[in-house]
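Working notes, beginning with the structure itself.
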Protein chains: 4
Amino acid sequence: MPRTEKQFEQIRKEKKKLIMDAALELFAMNGFHATSISQIAKKAGISKGLAYNYFESKNELLQELVDQGFQEVGEMMQPNQDGIPSDEEFASFIEKSFDMVGNDLRHWKLFYSLMLQPTVAENINEKYAEVSEPLFKMMYTYIASKGNKDPEGDMMIISSMIEGALLYIIVATDIFPMERLKEKVIDGIFRIIESGGGKN
Amino acid sequence: MPRTEKQFEQIRKEKKKLIMDAALELFAMNGFHATSISQIAKKAGISKGLAYNYFESKNELLQELVDQGFQEVGEMMQPNQDGIPSDEEFASFIEKSFDMVGNDLRHWKLFYSLMLQPTVAENINEKYAEVSEPLFKMMYTYIASKGNKDPEGDMMIISSMIEGALLYIIVATDIFPMERLKEKVIDGIFRIIESGGGKN
Amino acid sequence: MPRTEKQFEQIRKEKKKLIMDAALELFAMNGFHATSISQIAKKAGISKGLAYNYFESKNELLQELVDQGFQEVGEMMQPNQDGIPSDEEFASFIEKSFDMVGNDLRHWKLFYSLMLQPTVAENINEKYAEVSEPLFKMMYTYIASKGNKDPEGDMMIISSMIEGALLYIIVATDIFPMERLKEKVIDGIFRIIESGGGKN
Amino acid sequence: MPRTEKQFEQIRKEKKKLIMDAALELFAMNGFHATSISQIAKKAGISKGLAYNYFESKNELLQELVDQGFQEVGEMMQPNQDGIPSDEEFASFIEKSFDMVGNDLRHWKLFYSLMLQPTVAENINEKYAEVSEPLFKMMYTYIASKGNKDPEGDMMIISSMIEGALLYIIVATDIFPMERLKEKVIDGIFRIIESGGGKN
DNA sequence: GATGAATGAGGATTCATTCAT
DNA sequence: TATGAATGAATCCTCATTCAT
């Protein structure tokens with residue numbers, strides 16, 4: 001009995017995932033250029049040729065990984081509201097950011113790595129800016145709602161703090177343990193915002 | 001009659017600098033692996049072969065760049081004191097960090113890039129940790145001196161903020177303008193520390 | 001549908017032989033260092049890259065040639081006995097040595113060449129000594145069985161004679177024709193042994 | 001006081017010898033192709049450029065070494081007579097051959113090495129044949145004078161024995177000690193010649 | 001869909017040789 | 001005479017990509 005089209009589709013999907021997983025692992029660990037298609041194929045347990053059955057080129061494979069990553073971010077992070085977030089919502093958003101990175105270190109390591117080498121994945125910085133935009137906006141709204149004197153400025157440093165903490169988690173998780181850092185960052189953000197009423 | 005030893009030394013010094021400059025530019029821009037010796041030579045205006053008269057290998061060239069960078073950091077950053085830094089000293093230290101990065105974006109872009117790909121320059125994370133150690137200590141001392149309840153925790157988030165701000169400067173200086181960011185970060189740090197007396 | 005494993009194996013086996021043959025020819029003729037992978041590939045009718053699909057490096061290719069050569073020697077030369085060889089056995093052994101070299105001049109030229117340049121194939125002298133050991137022993141036994149006064153000394157000069165004759169065959173077969181030389185050497189060896197009863 | 005022309009000449013001669021010595025050492029040890037001009041210059045304590053002041057090319061340097069070697073052989077070996085050598089003269093001639101090689105292993109290692117790779121020093125085999133010619137002739141004369149039935153055949157195997165012994169000395173002096181070998185070879189040669197009266 | 005042999009362009013590295021000083 | 005910086009051709013080797021089966 002021949003497989004139905006659906007089964008084929010399923011197989012294709014799974015194999016593709018297999019390849020992408022292997023690639024992500026290696027790209028994140030060793031970098032895009034230092035990773036060969038051979039290595040990816042071996043890790044995925046397939047032949048070199050088959051990889052080209054699923055991806056036009058090594059660059060396209062990278063691109064799909066990037067897209068995949070951004071899609072996950074988009075799904076998880078959409079500030080599903082346009083109004084002013086509550087304190088809980090805001091805190092939960094920060095927390096989610098950390099969890100997202102913590103649960104998918106490889107994607108994020110790859111992202112950061114690519115952002116520092118924009119020649120590889122051309123549009124990554126733009127995409128990242130695009131994804132970040134609504135988050136910045138949401139942050140800004142929230143901070144401003146607290147009567148802050150310089151909401152933009154505080155948003156900048158809060159973003160910095162988050163970004164920096166995520167970087168520590170990605171690059172040196174052993175130095176600054178994730179859970180502690182997350183907790184402290186959330187706490188710190190609120191302290192900054194609270195202290196923003198009477199300055200600047 | 002041959003040139004004097006001094007003349008040779010002079011030539012070597014200048015040419016070496018030339019090569020390192022070209023390499024730094026390209027490594028920072030495109031990444032280590034995506035940069036070929038040919039490109040470096042062309043940019044430096046020399047022949048491929050000559051590069052090997054100055055550096056044993058591409059890797060060694062990278063290593064020298066890294067060492068050079070760290071040396072500059074070391075020189076600029078040594079917290080020339082063991083006691084508790086004054087507020088001015090502390091602020092000036094933060095400011096210097098920003099200036100250091102701002103004045104040498106290429107080195108720093110390379111550093112961050114390498115830290116995310118430790119396979120390339122083996123010991124870079126260790127070296128960075130080594131360089132950071134005294135700075136962490138100094139921060140800790142300063143924060144603790146302010147009667148902070150959790151100096152270590154605050155140090156973590158302040159470090160994060162600085163690191164994140166530097167990352168923004170390196171990767172997206174157009175979004176968050178350096179001078180503004182620097183000023184806001186310093187301000188933010190003091191607000192955090194001040195607010196750290198009564199919490200946690 | 002891909003080829004079966006057997007087909008692949010067959011292809012690999014044949015192509016490998018092709019490459020090794022080309023390499024042996026060129027190494028023997030021009031020497032290891034003076035032979036480039038390009039030349040080998042061209043002679044074998046393949047691309048440069050493919051050579052590396054079969055051999056990790058030029059050195060490994062050499063090593064496999066050496067091993068191949070020694071294996072053939074081992075197979076052909078094993079003195080399949082521990083006792084005292086008869087006159088016929090002994091003569092046949094000498095004859096076989098000559099034939100072995102005569103039938104595989106290229107391998108032997110390579111061997112001799114490498115033995116004179118031990119930097120290239122590190123262990124070749126040891127391997128050669130290892131292979132020669134049982135032959136020396138067999139010779140010694142035979143000579144001693146003839147009541148020789150100094151079997152070791154006679155073995156030395158007989159070995160020298162053989163080695164020297166082989167060298168002539170390898171390097172200047174046109175001067176001393178192989179068949180004649182072989183015959184004369186065998187005759188000479190017996191004369192030496194016979195004359196060894198009353199001297200020294 | 002400027003040096004006289006003679007002094008200059010002297011200096012040139014000495015420096016040239018210096019370079020040739022270094023080259024010989026390295027060529028013999030590692031082979032012609034594996035030895036770079038840089039290495040030679042360093043070993044000779046001069047600059048790369050200067051080497052080219054004395055030798056047109058690396059190949060010419062080799063050629064001069066070869067010529068030098070052959071000249072020494074010629075000087076030492078000329079059978080300064082056309083008549084039949086006496087037993088003592090013959091024995092002394094063999095002995096001298098061994099001493100010549102033993103005292104100048106490097107030249108001889110180079111020679112043998114080149115003879116096996118005629119591509120490098122084009123005419124070496126011819127030259128060697130040329131040098132050997134009178135020696136063969138002398139041997140032949142001597143052997144024939146002993147009433148030998150097949151002087152040419154015996155000359156072949158005696159030459160082989162000598163050549164082989166020299167090869168052992170060059171390549172594996174530790175296995176067959178030179179002095180012993182020399183003595184045994186001379187003895188063996190006489191035994192062969194003596195036994196040549198009643199056979200073949 | 002699946003395989004891995006095959007290609008060839010490109011990259012790191014070496015080295016004989018030249019040349020300004 | 002003497003130096004070593006400089007060149008560029010040649011070499012080893014890698015790897016993305018293609019393709020016959």
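The residue that is nearest to DNA strand F (Cβ to nearest atom), among those in the stretch C:30-54 that are part of a helix (DSSP H, G or I), surrounded by 16 or more Cβ atoms within 10 Å (Cβ to Cβ) and among the aliphatic types (A, V, I, L, M), is C:Ile37. When each of A:Gly153, A:Gly147, A:Gly102 is tested for being more than 14 Å from chain B (Cβ to nearest Cβ) and touching a helix residue (DSSP H, G or I) at 6+ places or on another chain (Cβ under 9 Å), the lone residue that passes is A:Gly102. Among the candidates A:Tyr112, A:Tyr128, the residue that is of a type outside the set (S, T, N, Q) and modelled with pLDDT of 90 or more is uniquely A:Tyr112.
Taken over the stretch A:89-123, the criterion of being outside any loop (DSSP other than H, G, I, E, B) and among the charged types (D, E, K, R) is satisfied by A:Glu89, A:Glu95, A:Lys96, A:Asp99, A:Arg106, A:Lys109. Restricting attention to the stretch A:78-113, the residues that are more than 30 Å from A:Asn30 (Cβ to Cβ) and of a type in the set (S, T, N, Q) add up to 5.
Scanning the stretch A:63-86 for residues that are exposed (fewer than 13 other Cβ atoms within 10 Å of the Cβ), touching a helix residue (DSSP H, G or I) at 6+ places or on another chain (Cβ under 8 Å) and polar (S, T, N, Q) gives A:Gln78, A:Gln81.
Can you tell me which residue is farthest from B:Ser97 (Cα to Cα) among those in the stretch B:167-189 that are touching a residue at least 60 places away in the same chain (Cβ under 8 Å) and more than 8 Å from every other protein chain (Cβ to nearest Cβ)? Once the filter is applied, the top-ranked residue is B:Thr173. Restricting the stretch B:15-24 to residues that are away from DNA strand E (no atom under 15 Å from the Cβ) and basic (Lys, Arg), the residue that is farthest from the other protein chains (Cβ to nearest Cβ) is B:Lys17. Restricting attention to the stretch C:25-57, the residues that are in contact (Cβ under 8 Å) with a residue 40 or more places away in the chain, more than 14 Å from chain D (Cβ to nearest Cβ) and more than 11 Å from DNA strand E (Cβ to nearest atom) total 0. A:Glu60 falls short of the stated requirement of being crowded, with 17+ Cβ neighbours inside 10 Å, within 16 Å of DNA strand F (Cβ to nearest atom), more than 14 Å from every other protein chain (Cβ to nearest Cβ) and among the charged types (D, E, K, R). Among the residues examined, B:Gln68 qualifies as assigned to a helix (DSSP H, G or I) and more than 10 Å from DNA strand E (Cβ to nearest atom).
Yes/no per residue for (1) touching a strand residue (DSSP E or B) at 6+ places or on another chain (Cβ under 8 Å); (2) of a type in the set (Phe, Trp, Tyr); (3) assigned to a helix (DSSP H, G or I); (4) surrounded by fewer than 19 Cβ atoms within 10 Å (Cβ to Cβ):
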position	(1), (2), (3), (4)
B:Asn125	no, no, yes, yes
B:Glu133	no, no, yes, yes
B:Met138	no, no, yes, no
B:Ile143	no, no, yes, no
B:Gly147	no, no, no, yes
B:Val171	no, no, yes, no
B:Arg180	no, no, yes, yes
B:Lys184	no, no, yes, no
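The values are calculated or read from the model by the stated rules, or taken from the named source; none is laboratory data. All figures in this text were calculated on a predicted structure; none of them were measured in a lab. For neighbour counting, all protein chains shown are included, and Cβ atoms are generated from backbone atoms with ideal geometry for every residue, glycine included.
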